[in-house]
1. Which order do the peptides 217-230, 187-200 take when ranked by the mean count of other beta-carbon atoms within 10 Å per residue, highest first?
2. Hey, what does the equivalent ellipsoid look like for segment 135-220, semi-axes from the Cα gyration tensor as sqrt of 5 times each eigenvalue, largest first, whole Å?
3. Could you please report the charge total around Ile44, scoring K, R as +1 and D, E as -1 over all other residues with beta-carbon less than 12 angstrom from its beta-carbon?
4. So which lysines pass the test for Lys28, namely a Cα distance under 29 Å, with those fewer than 8 places away in the same chain ruled out?
5. Counting only other residues whose beta carbon sits under 12 Å from that of Glu68, what net charge do I get with K and R as +1, D and E as -1?
6. So which GluC sites (Glu not before Pro) in segment 1-108 end up in coil per DSSP with only 14 or fewer other C-beta atoms within 10 Å?
7. Determine the dipole magnitude for segment 55-119: charges of +1 sit on the beta-carbon of Lys and Arg, -1 on that of Asp and Glu, nothing else is charged, the reference point is the Cα centre, and the result goes in debye to the nearest 20.
8. Is segment 195-256 best put as rounded, prolate or oblate by its Cα gyration tensor, with a ≥ b ≥ c the root eigenvalues, rounded for a/c under 1.5, and otherwise prolate when a/b is larger than b/c, oblate when not?
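Every number in this text was worked out from the coordinates using simple rules, so none of it is lab data. Note that the structure is a prediction, hence the values are computed from the model and not measured. Neighbour counts run over all protein chains shown; Cβ positions are idealised from the backbone, glycine included.
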Amino acid sequence: MSVPVEAGVDAGLPWHLGNPVAEARAIKAGDAVVDLGNREVVEISGADRLGWLHSLTSQHMESLAPAEPVDALILSPHGHVEHFFSGVDDGERLLAWTEPGRAKALVDFLESMRFAMRVEVARRDDKLAWVGERVAVPEGWMSWPWLGGRAVLRPPDVLPEGIPAGAWAFDAHRIAAGVPRIFVDTDHRTIPNEIGLFGTHLDKGCYRGQETVARVHNLGRPPRRLTLLHLDGSAEALPAPGAALELGGRSVGFVGSSARHHELGPIALALVKRAVPVDSTLAADGIPAAQEVLVDPEVGLHRRITFG
């Protein structure tokens, strides 16, 4: 029995399939398949693609090896996150996914920056899935390491054979890993330093927004920091995405994604002002929440865990 997500960016995806705890255990064991078909897929091809993307994004792209996974951001001139994609290059083209409703803006921006470069950018009909390490991926399907398993680009309406798991268990898995979801755990003011330099490489040439990233990295103290919240388990509801995060009745940030983890209980990711003490108990949409540090408030360097 598949119960769909009723609202929000993932509306319509399977929320759970009858037993979210069993689904979470299947994810942990590497036996699960998660339908992420609402993500949008783009293809970037042409001889100049990697050098071109290197000049545009926050990521080191020009020497990207075939089959090497990559997360990349495109920033505003002031260093704020505007676009995101995650994918892999096969030696001839980069295939990548971005969040629901974001592909058109990404493609339009890239098209506007083509000039005389030998590159082509196009939408694709492929759909995304997450599969565990023990799930077989059909020959010819593109896949790469992601969150302890693999991201798989698949034909529409086809999934690899494994134990189906829903967005509830998958989000709990991702949140527990401390991995932000761009445009859900971020806002229009987010800079890479606040989310642990996710999708950002510090050893590369100039790109739009680099001055902000370099300045905050060198001086430390990003304006906000990503944190993992452990929520009071007695609350019936979870915080709404974008809900206020408060300390003593004062707004100190906002909550992004949240889920009930089969071992940790209710958890969430949030952006909180740097100066908030890391041992303070916060109120996430009115729910008491303890903090687990992901981004150092003094430096902004994040890598508590790396899944690729």
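1. Details: 217-230: 19.6, 187-200: 22.4.
Output ranking for 217-230, 187-200: 187-200, 217-230.
2. On the way: eigenvalues 219, 54, 25 Å².
With the √(5λ) rule applied to segment 135-220, the semi-axes are 33, 16, 11 Å.
3. Numbers: positive: Arg49, Arg93, Arg114, Arg118, Arg123, Arg124; negative: Glu43, Asp48, Asp89, Asp90, Glu92, Glu111, Glu120.
Result for the neighbourhood of Ile44: -1.
4. Lys127
5. On the way: positive: none; negative: Asp71, Asp89, Asp90.
Local net charge: -3.
6. Glu6, Glu62, Glu92
7. Values: 5 positive and 10 negative charges, 45 e Å.
Computed about the Cα centre, the dipole is about 220 debye.
8. On the way: a/c = 3.27, a/b = 2.45, b/c = 1.34.
Taking the square roots of the gyration eigenvalues as a ≥ b ≥ c, segment 195-256 is prolate.
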